[in-house]
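Throughout, read-outs are computed from the coordinates displayed, never taken from laboratory work. Because the structure is a prediction, the values reported are computed rather than measured. Please note: Cβ atoms are built from the backbone with ideal geometry, for glycine as well, and neighbour counts cover all protein chains shown.
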Amino acid sequence: MRRDTRPPAVLTSGVYTSTARAARALGVSVSTIKRWVDDGVLPAHRTAGGHRKLFTQALRQRLLDGSLPDPVRDLHQVRRALLNDMTRRAGASRYALLDAYHAGVPIETLADDVVARVMRTIGQRWETGRADVCIEHRGTGQCLEAIYQIKQAVQARPALANRPLAVGGSPEGDPYLLANLLAEVLLIDAGWDVINLGPNTPLESFEYALATYHPRLLWLSISAPPQPRRQFIRAYAHLYAQAVRSGTAVAIGGRALTPSLRRDLACTMAGDRLRELKQFAATLSYRSPGEMRRAT
């Protein structure tokens, strides 16, 4: 169904329009309006206090000429585009992710409800002989390309002062890139500075990062079963003890974090979805290291 592009009555007067007023008029979230402003989709003036004031006439013109992104409400279409394009030479699947992002779909939704589900489907097809591993590799590459472009858009926004720092990655023997890149972009979007150590990082290197950078948050993505398991658990216990001493919160997750492994790993937070990491990070950004030591 085509969007009604007639300007709502609330957008017919005044030089400036607030983000809340624009969101109500267009039927989207305030965060979507802010993202459109930050990404250059909507022109706006920033007040001395950093508030976005949209130019009413420019917003009305965007509605009249139909140039505003169409919010993606059916994520099934995005998932289908990803799956279909992974077997085609042109490979336009990255545009499905980019279009969804610019239309206002949150990064955590793209991560949990699109990328993770599509890659899980491809993995299942490969395991049952219905797809070659090249499809999984190509799909990973296409998703990475799109997420890097989203990262550039997020980093182009004005940075806030006193941003908390997060450090993270995957342990040695875990080669997967996607989960860590998604966590990195998610946290940047949420107002954090991020050091992504990437895949296949020895736990000793995470200890070095704790001592060197003093982050507020350490995340560990476990997408491959750690081997040998007992050695990993011992090394992780040493890392976690250092994090407790430094007042750093530790969040763990990933598809290889089975219930039995989770029971053997002490942590501040364990989750299965990136939206859980975002919610948890929001509780940390207002707490001092001393408060974290007491809470961990």
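Given a Förster distance of 41 Å, report the FRET efficiency between Ala241 and Ser67 from their Cβ-Cβ distance, rounded to the nearest 0.05.
0.15
Choose one of Ala266, Ala282, Gly129: the residue whose Cα lies farthest towards the positive end of the charge dipole of the chain (beta-carbon charges +1 Lys, Arg; -1 Asp, Glu; about the Cα centre).
The residue sitting farthest along the positive end of the dipole is Ala282.
Averaging sequence separations of C-alpha pairs under 8 Å and six or more residues apart, then dividing by the length of the stretch 187-292, give the relative contact order as a whole percent.
29
For the stretch 75-155, what is the relative contact order in percent, using Cα pairs closer than 8 Å and at least 6 residues apart in sequence?
Relative contact order here is 36 percent.
With runs of 4+ DSSP H residues as the only contributors, calculate the mean residue ellipticity of the chain at 222 nm using -39,500 (n - 2.57) per run, divided by the residue total and rounded to the nearest 500.
Roughly -15500 deg cm²/dmol at 222 nm, from the helical runs in the chain.
Based on the alpha carbons, how large is the Rg to Rh ratio for the stretch 9-65 when Rh follows Kirkwood?
Here Rg/Rh amounts to 0.92.
What is the helix-to-structure angle for 178-189, meaning the angle in degrees between its Cα long axis and the longest Cα principal axis of the chain, kept from 0 to 90 and rounded to the nearest 10?
50
Using the basic label-point model (7 angstrom from Cα toward the beta carbon), what is the Ala161 to Arg120 distance in nanometres?
Result for the modelled spin labels: 4.3 nm.
Separation between the Thr283 and Thr47 pseudo-spin-labels, each 7 Å from Cα along Cα→Cβ, expressed in nm?
Label-label distance for Thr283 and Thr47, simple model: 3.2 nm.
Between [x] 18.6, 57; [y] 19.6, 60; [z] 21.3, 67, which entry matches Rg and Dmax of the Cα atoms in Å as derived from the coordinates of this structure?
Matching the structure shown: [z].
About its Cα centre, how strong a charge dipole does the stretch 18-158 have in debye, to the nearest 20, once Lys and Arg get +1 and Asp and Glu get -1 at the Cβ?
420
At 0.36 nm per residue, and after removing the present C-alpha to C-alpha distance, how many nm does the segment from Gln152 to Thr258 gain when stretched out fully?
So the chain would gain 34.8 nm between Gln152 and Thr258.
Report the relative contact order of the chain, percent, no decimals, based on alpha-carbon pairs under 8 angstrom and at least 6 residues apart.
13
Counting other beta carbons within 10 Å of each Cβ, put Cys267, Cys134 in order, fewest first.
With the sparsest Cβ surroundings first, the list reads Cys134, Cys267.
Can you tell me the length gained on complete extension of the stretch Arg229 to Thr87, counting 0.36 nm per residue apart and subtracting the Cα distance?
47.5 nm
Could you size up the charge dipole of the stretch 131-188 around its Cα centre, putting +1 on the beta carbon of Lys and Arg and -1 on that of Asp and Glu, and report it in debye to the nearest 20?
About 420 debye.
Which of these, Gly104, Gly139, Gly66, has the largest mean-square fluctuation under a Gaussian network model of the chain (Cα springs below 10 Å)?
The residue that fluctuates most here is Gly66.
If the chain between Leu75 and Asp39 were fully stretched, how many nm would it gain, using 0.36 nm times the residue separation less the Cα-Cα distance?
10.8 nm
With +1 on the Cβ of every Lys and Arg and -1 on the Cβ of every Asp and Glu, and nothing else charged, how large is the dipole of the chain about its Cα centre, in debye rounded to the nearest 20?
740
Can you find, among Ala256, Leu239, Leu64, the residue sitting farthest towards the positive end of the charge dipole of the chain, where Lys and Arg contribute +1 and Asp and Glu -1 at Cβ?
Leu64
Given a 10 angstrom Cα cut-off, can you work out which residue in Ser221, Ser67, Ser170 is the most mobile in a GNM of the chain?
Checking each option, the largest mean-square fluctuation is seen for Ser67.
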